[in-house]
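Engineer: Before anything else, here's the structure in question.
The values are calculated or read from the model by the stated rules, or taken from the named source; none is laboratory data. Quick caveat, the model's predicted, so the values are computed rather than measured. When we count neighbours, we look across all protein chains shown, and the Cβ atoms used for this are built from the backbone with ideal geometry, even at glycine.
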Amino acid sequence: MTSVAAEAEDAALSTARHTALILSAGQAIVGAAAPICISLGAIAGSYLLGDDKSLATAPVAGYSVGIALGALPAAALMRAIGRRRGFVSGAFISALGGILSAMALFSVNFWLFAIGLLTVGIGGSFVQQYRFAAADASPARFKPKAISWVLAGGVFAAIIGPQLVIWTKDAFAPAVPFAGAFVGLIALALIGAFLLNFMRLPPAKATAGIAHAETARPLGEILTQPRFMVGLLCAIGSYSMMSFVMTGAPLAMVECGHSADEATLGISWHVLAMFAPSFFTGRLIERFGKVPIVLVGLGLLAACSAVALAGLDLANFWLALILLGFGWNFGFIGATAIVSETYSDAEKSRVQGVHDFMLFGMVAFASLMSGQVLNTLGWYGVVMVVFPVVAICVVALIFVTSMEKKRSAY
């Protein structure tokens, strides 16, 4: 390699590191909105409702809906104005959601609060793209590290968000409880927008395979592949059950006599458990295969429910939430890896769009139903739902895997 080429590679690597660090900081700061919304959404929603608390988790469901609704517009906006401006715009959208949520609490308006969290979710759809942007801006050998650095930001978000809730939620209490946390969310989003403005990203590349779109199979043919269907089923099962239990957990903890701070710390441990294994989940999948890792994830989801059914002590709640986070990580990442084998580069944009629409639609539904089930059947009723869903996923995964083995034997 010539000295000029070496200098160019060093410069590219330096720029990639700078970009990855900025995006990691953005993940830690703007991404902290997620645990804030999750830990307080149902509790604040319950406070804003009257005697009927069945819709208490609707604001958290709104946050999930916002992520789903924002995914395609976020991508379109970034294609039009570039990722840097797009990410800054996303942070401002999160700040707007914080403003609406705080206004709702001051005016005791439940549905405005749900709209506020939906708006934060739309801002969160931009956060979902950080790791891809870091990878696209990096030389090939630095891509895995760039993704890991951004994921590390998610671990810090799991600490920053809940700690901000603990320190600020009572800033306007007793007159307006919880509003301080959403004012804090506004500040975090604006700080994130300032940091993200220092990125220097290349323009988003055209989707690979567009030039060969004529070779893509019909969408129906792709979606009806047994491997795609079971991968999607396990992804939906893992993610929706995580959302279902996680959404109801803070409200259940408070109803069982634990404090809002203890509920918030439980969510902090849960989000840490969701992100921390990502540093080695890929290596585990490489070593043991996708199906075994998904099965481990599903087993951990079942273990979460077993621990929750063992008692209502704080330790039961916290341990269950930690197992829930680990189970989601292994189950969802493994299932996503299975789905990724079922389509080509020319097909991926359409397939991923359908996949994410179905996935986040079910996640939002699970978040909404969590409040209904909690209100009707209690916390034990919530965690019992996990067992049949896990069983269906396990049976489908084993059945399709055995079919594939028999087919390959001929």
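Engineer: Checking GLY331 against (1) assigned to a loop (DSSP other than H, G, I, E, B); (2) small (Gly, Ala, Ser); (3) under 20 Å from the mean Cα position of the chain (by Cα), which single condition isn't satisfied?
Structural biologist: (1)
Engineer: Of these, GLY82, GLY62, GLY97, which one is over 21 Å from SER39 (Cβ atoms) and in the same structural domain as ALA179 (by TED's automatic domain parsing)?
Structural biologist: Values: GLY62 fails: over 21 Å from SER39 (Cβ atoms); GLY97 fails: over 21 Å from SER39 (Cβ atoms).
It is GLY82.
Engineer: If you don't mind, another one. Being more than 26 Å from ALA216 (Cβ to Cβ), assigned by TED's automatic domain parsing to the domain that holds PHE317 and small (Gly, Ala, Ser): is that true of ALA364 here? Before you say what the answer is, go through the steps one by one.
Structural biologist: Values: more than 26 Å from ALA216 (Cβ to Cβ): yes; assigned by TED's automatic domain parsing to the domain that holds PHE317: yes; small (Gly, Ala, Ser): yes.
So ALA364 passes the test.
Engineer: Working only within the stretch 288-337, note down all residues that are of a type in the set (D, E, K, R) and within 25 Å of GLY154 (Cα to Cα). So that I can check it myself, show each step before the final result.
Structural biologist: Applying the first criterion (of a type in the set (D, E, K, R)) to the stretch 288-337 yields 290, 313.
The one that is of a type in the set (D, E, K, R) and within 25 Å of GLY154 (Cα to Cα): LYS290.
Engineer: I'd like the full set of residues that are of a type in the set (Val, Ile, Thr) and either farther than 17 Å from GLY327 by Cβ or out of contact with any helix residue (DSSP H, G or I) (no Cβ under 7 Å at 6 or more places or on another chain) (or both), limited to the stretch 264-287. Outline the logic, then answer.
Structural biologist: Of the residues in the stretch 264-287, the ones of a type in the set (Val, Ile, Thr) are 264, 267, 271, 281, 285.
Of everything in the stretch 264-287, just one residue is of a type in the set (Val, Ile, Thr) and either farther than 17 Å from GLY327 by Cβ or out of contact with any helix residue (DSSP H, G or I) (no Cβ under 7 Å at 6 or more places or on another chain) (or both), namely THR264.
Engineer: For VAL30, state whether it is surrounded by fewer than 24 Cβ atoms within 10 Å (Cβ to Cβ) and either at pLDDT 90 or above or within 14 Å of the chain's Cα centre (by Cα) (or both). Don't jump to the end; show me each part of the working.
Structural biologist: On the way: surrounded by fewer than 24 Cβ atoms within 10 Å (Cβ to Cβ): no; either at pLDDT 90 or above or within 14 Å of the chain's Cα centre (by Cα) (or both): yes.
No, not satisfied.
Engineer: Considering ALA91, ALA8, which residue is at pLDDT below 95 and either surrounded by fewer than 24 Cβ atoms within 10 Å (Cβ to Cβ) or more than 22 Å from LEU368 (Cα to Cα) (or both)?
Structural biologist: ALA8
Engineer: What is the residue count in the stretch 97-109 for residues that are touching a residue at least 60 places away in the same chain (Cβ under 8 Å) and assigned to a helix (DSSP H, G or I)? Please lay out each step first, then the result.
Structural biologist: In the first step, residues of the stretch 97-109 are kept if they are touching a residue at least 60 places away in the same chain (Cβ under 8 Å); the result is 97-99, 101-102, 105-106, 108-109.
Narrowing further to those that are assigned to a helix (DSSP H, G or I): 97-99, 101-102, 105-106.
Qualifying residue count, the stretch 97-109: 7.
Engineer: Quick check on the stretch 330-348. Is at least one of its residues buried (at least 23 other Cβ atoms within 10 Å of the Cβ), in contact (Cβ under 8 Å) with a residue 60 or more places away in the chain, within 15 Å of THR247 (Cβ to Cβ) and assigned by TED's automatic domain parsing to the domain that holds PHE228?
Structural biologist: No, there is no match, as no residue in the stretch 330-348 is buried (at least 23 other Cβ atoms within 10 Å of the Cβ), in contact (Cβ under 8 Å) with a residue 60 or more places away in the chain, within 15 Å of THR247 (Cβ to Cβ) and assigned by TED's automatic domain parsing to the domain that holds PHE228.
Engineer: Within the stretch 127-173, how many residues turn out to be crowded, with 22+ Cβ neighbours inside 10 Å, charged (D, E, K, R) and under 20 Å from PRO277 (Cα atoms)?
Structural biologist: Final tally of qualifying residues: 1.
Engineer: Does LEU69 satisfy the criteria of being surrounded by fewer than 21 Cβ atoms within 10 Å (Cβ to Cβ), out of contact with any His (no Cβ under 8 Å at 6 or more places or on another chain) and over 28 Å from PHE198 (Cβ atoms)?
Structural biologist: Spelling it out, LEU69 is indeed surrounded by fewer than 21 Cβ atoms within 10 Å (Cβ to Cβ), out of contact with any His (no Cβ under 8 Å at 6 or more places or on another chain) and over 28 Å from PHE198 (Cβ atoms).
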